[in-house]
Structures are given as structure tokens and as C-alpha cells.
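Reading through the C-alpha cells given below for one structure.
The values are calculated or read from the model by the stated rules, or taken from the named source; none is laboratory data. As the structure is a computational prediction, the values presented were derived from the model and not from experiment. Virtual Cβ from ideal backbone geometry, glycine too; neighbours counted across all protein chains shown. Side chains included, ligands, DNA and RNA excluded: accessible areas come from the protein's heavy atoms. Shrake-Rupley method; radii C 1.70, N 1.55, O 1.52, S 1.80 Å.
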Amino acid sequence: MNRITGILHALSIGDAFGAGVEFQDRDWIRVNVDFTHFVNARHRIQIEEERRAIFTENYCAWDYTDDTEMTVGLVKALMAEEPFTEELLIRKWQDEYKDGIRRKGHGRNGHGSMRWYYDGEKTIEEIRDFQRNRPNPGNAPAMRAVPLGLLPGNLINEYAAVNARATHPHPHAVMSSQIVARAAHHFLLIDGAATDAFGYCLRSVELDQEFQDYLLAVNGLPRYDQLTKADFAVLCGPQPISAPYFLPGIRGVPSDSKYTAGCILYVLRESESAFDALQKSVKLGGDVDSVAAVTVGILAGKHGLHDLPGFLLSATEAIPNLMDLRMPDYRKS
């Protein structure tokens, strides 16, 4: 079986399980989630009642979210016999969204600003302008970058930048996309040591001083089970989350590209298997489905899916035509 199919299946498992407890407080998750069954707490998301439907409408337990949907669209863009461009990615992502409507009767839950584009409320340029100068750019480019790590090393940063610029032309969104793609390359293609994941990414991606200082600080954190409140403030930013970072008021990972990339690298450094990564990702609290999708996908690609409980493997929504997805052989070009 092509390696990408196993990675995508695992990614969808992390995404779907994480979606059930997405945007819950870290302390609540650690009391109420024991990873023996699915927990759907989306109705508990602490947000204005008039906005709650964004998170609960058209959502079903075990469904994967936009994280998986857009990652599949990215793979299909790589499979296309045309240049890998921002415009190609937008088409493929819209195709996946429309396919979900055909199969499910409604658009998939989880989309952020891209929902405006799919619903015809904004043009893609308006969405890019919205994301371009935000103090907290969204984490979509990071969440969908894993397959780019399977490319030859000389293509990764360029393609990861295209992935980010398609929707989030913000420097930190570009850097986050490149960091996740490089992390996947480190673990999956060059079989790098977990302890050198930060070092490899720092050597491979051109970062601004803020991003570099952040990753250096995160790499200096102790083992996962030794994290203190002060350590979580380094890893996830000020806790509880405060506006404009989302979701304000809870303890966890905000919906921000830089913090998502840092948490992904830290969990990859600290985890021994895909299931271990799922637990550590979810227990961070906050925007956990994105962190879980990436870390579970990468470590399942490295170690296999064998340690994931059977209920996760069987209950997660199946990716349509998964076996048809094949990464092109760039060595032939």
C-alpha cells in the first residue's frame, strides 16, 4: 500500500477524535477523556450562543474535519498533471468541499475563513487579505502540510510556501507550513531522531527572530509529564488564551499557525507512537484536532497504525477512494 494512504488514514483518525473535544479546556479534557471511547463535547464550546451553530451544525461524531479534507485536496493537487500553484490548490479544495456536500448533504464542519469563499460571501483575494496581516494567522497551512514532507528535499519549502499563500499569505503561516512539511520529511523520509526534530527544522526553514526564539524555547522545555503552568505558557502562549487568539478564556493551543507548529514539533519529540501522540496532542487542550491530525499521521507513517485501538480504526469516517491516492514520483521529472 502506498505510504500516503496509511498516513492519511491516521491523520483522519487524529482529526476526527480531536474534533470531538476541540476547544475544550486542558483541565477539563484531562478529567473527562480517557481515550477508551469517543467524547463529543462540541456543545460545550464556550462561545456566544448565536455562534455555537458554527461548531455543532452539520457535525456528527467520528466525522473528520477540514483538516483531513484539505489535506486530501492537497494530495490531489500534487497528483494533477499541471504546475502546483495556489489556484490549483483552491480548485482541489473546493472540489473536496463540494464532494462532501454531494455525499453528506452539507458542507463539512470545521472550516474557518474558507467557509466565506465556499458560501460565496468573499472572494479568495478577500480571504487572503484578511489573513495577510493578522497578528494571529490561522493554522490551516500547517494542518494540511504533512504530504509535502514526502517530496524531495529541494521542493519542500517552495511547495509549502505555495500551500500557505493559497489562503494565508502571512510570513508565519508560510513558516508554519514549511516547519510541518520538514517535520514530516525528518521522520518519514530521512528517519531522523526525534531529539533532532527541532534542530532539523531550524536548519531547514528560514525563520524570523520571533519564530526562531519561540521554537528554541519550546525545544528547551522538559519532558511532557513534567510540564508546569509556566511551561504551558511557553508552549501554547499566555494561558488562559486571550483575544485575539482563539478560543479566549480556555487553557490550550490557540488557533494560530506559530503555536500549532511548535506544539506539533514538541509532541513529535515527546511521543513514541501514533496513539501516544494522539493522547499527548489532545491533552494540550484548545485547537487539538489539528495538532492530533498531524502528529498521529506522521508517527503512524513512521511506526505504523498497530497501536491505535480498533475502535479508532473502524469508527472514523472513511476517506472516499483512499486507495486511489498516490504521491507522484518526482524522481522521474
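At R0 = 45 Å, how high is the FRET efficiency between T228 and E82 if r is their beta carbon distance? Nearest 0.05 is fine.
Details: r = 50 Å, r/R0 = 1.12.
That gives a FRET efficiency of 0.35.
Structure shown: which of K98/K122; K104/K302; K76/K98; K76/K122 lie over 22 Å apart, alpha-carbon to alpha-carbon?
Details: K98/K122 17 Å; K104/K302 32 Å; K76/K98 14 Å; K76/K122 24 Å.
Table pairs above 22 Å Cα-Cα are K104/K302; K76/K122.
Within the listed set F311, F211, F130, the Gaussian network model of the chain (springs between alpha-carbon atoms below 10 Å) gives the highest mean-square fluctuation for F311.
Inter-part distance, region 78-96 to region 282-296, computed on C-alpha centroids, equals 26 Å.
Accessible area of H306 (1.4 Å probe, protein heavy atoms only, ligands and nucleic acids ignored): about 150 Å².
Do the sum for the chain: with -39,500 (n - 2.57) for every DSSP H run of n ≥ 4, divided by all residues, what is the mean residue ellipticity at 222 nm, to the nearest 500 deg cm²/dmol?
-16500 deg cm²/dmol
Of the whole protein surface, M114 contributes about 10 Å² of accessible area at a 1.4 Å probe radius.
Computed from phi, the 3J(HN,Hα) profile of region 291-303 under the Karplus parametrisation 6.51, -1.76, 1.60 (θ = phi - 60°) reads 5, 5, 4, 5, 5, 5, x, 5, 6, 5, x, 8, 10 Hz, with x in place of Gly and Pro. The residues of region 94-150 have, on average, 44 Å² of accessible surface per residue, using a 1.4 Å probe with all protein chains present.
Listed values for region 107-123 are Karplus-derived 3J(HN,Hα) couplings in whole Hz (6.51 cos²θ - 1.76 cosθ + 1.60, θ = phi - 60°), namely x, 6, 6, x, 5, x, 5, 5, 4, 4, 5, 4, 7, x, 7, 9, 7, and x replaces Gly and Pro.
Could you give the size of the charge dipole of region 1-77 about its Cα centre, using +1 on the Cβ of each K and R and -1 on the Cβ of each D and E, expressed in debye and rounded to the nearest 20?
Working: 8 positive and 13 negative charges, 59 e Å.
Dipole magnitude for region 1-77 comes out near 280 debye.
Classify the chain: rounded, prolate or oblate, from the alpha-carbon gyration tensor (a ≥ b ≥ c, eigenvalue square roots; a/c under 1.5 rounded; otherwise prolate if a/b is larger than b/c)? Before the final figure, lay out each step's value.
Working: a/c = 1.18, a/b = 1.06, b/c = 1.11.
Rounded, since a/c falls under 1.5.
Mind running the shape call on region 1-125? Use the C-alpha gyration tensor, a ≥ b ≥ c as the square roots of the eigenvalues: rounded below 1.5 for a/c, prolate if a/b tops b/c, oblate otherwise. Oblate.
Highest mobility in the GNM of the chain, judged by mean-square fluctuation with C-alpha springs under 10 Å and restricted to E69, E96, E57, is found for E57. Note on R51 and R102: the extension gain reaches 15.8 nm, defined as 0.36 nm multiplied by sequence separation minus the Cα-Cα distance. Could you tell me what percent of the accessible area of the chain is made up of carbon and sulfur, with a 1.4 Å probe and every protein chain present? Within the chain, the accessible surface is 49 percent carbon and sulfur. Among the GluC sites (Glu not before Pro) found in region 253-333, those both in a DSSP coil and sparsely packed, with 14 or fewer other Cβ atoms within 10 Å of their Cβ, are E272. Just to confirm a number: summing +1 for Lys and Arg and -1 for Asp and Glu over residues other than G14 whose beta-carbon lies under 9 angstrom from that of G14, what do you get? Taking every other residue near G14 into account, the sum is -3.
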